[in-house]
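So the structure is just underneath, and the comments pick up after that.
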Amino acid sequence: MNRDALTAPLVDQCSGADHHRYGFELPARVEFVARARRLARERLHFWGIGGDVHDTAMLVVSELVTNAVVHTDGDLVACELLNDAERLRITVQDQGSSPAGPHVCHTLEEERGRGLLLVEAVSSAWGAYDSQHGPGRLVWAELPHARTSRESGIPHARTSPESIPHDPQRPC
């Protein structure tokens with residue numbers, strides 16, 4: 001396995017210093033998508049995230065990991081969950097992807113690509129960018145915490161991925 005192809009800052013396996021960031025790597029094989037969901041589910045439970053945010057996060061993890069496995073040629077897939085006061089960000093990195101990158105399918109004629117349409121529909125923002133540490137691409141999605149919108153009484157506005165600046169120092 002080529003571990004160097006994954007971005008080292010993406011995965012912080014020693015989350016003792018920061019209990020709001022959790023990452024893991026799995027073999028890039030379809031049979032490991034369920035394990036990705038289980039690891040994410042356990043961490044969300046540990047953080048006390050349940051309800052709609054939990055269910056939506058499980059869907060997003062499943063879609064992003066599946067896309068990374070099915071549409072790339074790498075040996076590993078990395079997933080990171082970043083939980084802050086306002087949102088949960090899910091980032092999945094592969095080791096190599098097609099030149100066109102991930103895209104949303106807006107027509108029913110295409111056999112594939114509808115998973116990202118689903119991610120787009122359930123997240124407040126999502127996007128993708130090439131890894132700056134070797135081959136591969138990172139795809140991310142953000143989910144607002146339900147308690148944030150209830151407490152403020154203000155619904156979260158959808159943010160287009162293009163409006164979120166990419167900060168190379170903080171890939172997530």
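Here are a few things to note about the model shown:
- Residues in the stretch 16-36 that are outside any helix (DSSP H, G or I), surrounded by 20 or more Cβ atoms within 10 Å (Cβ to Cβ) and among the hydrophobic types (A, V, I, L, M, F, W, C): 28 alone.
- Applying the set (1) at pLDDT 95 or above; (2) of a type outside the set (Gly, Ala, Ser); (3) farther than 18 Å from residue 115 by Cβ to residue 52 leaves exactly one unmet item: (1).
- Scanning the stretch 60-76 for residues that are at pLDDT 90 or above and crowded, with 19+ Cβ neighbours inside 10 Å gives 60, 61, 63, 64, 65, 67, 68, 69, 76.
- Under the condition of being over 19 Å from residue 25 (Cβ atoms), outside any helix (DSSP H, G or I) and either without any contact (Cβ under 8 Å) to a residue 40 or more places away in the chain or in contact with a strand residue (DSSP E or B) (Cβ under 6 Å, 6 or more places away or on another chain) (or both), the residues counted in the stretch 37-81 number 2.
The values are calculated or read from the model by the stated rules, or taken from the named source; none is laboratory data. The model shown is predicted, which means the values in this text are computed figures rather than measured ones. All Cβ positions, even for glycine, are placed from backbone atoms using ideal geometry, and neighbour counts span all protein chains on display.
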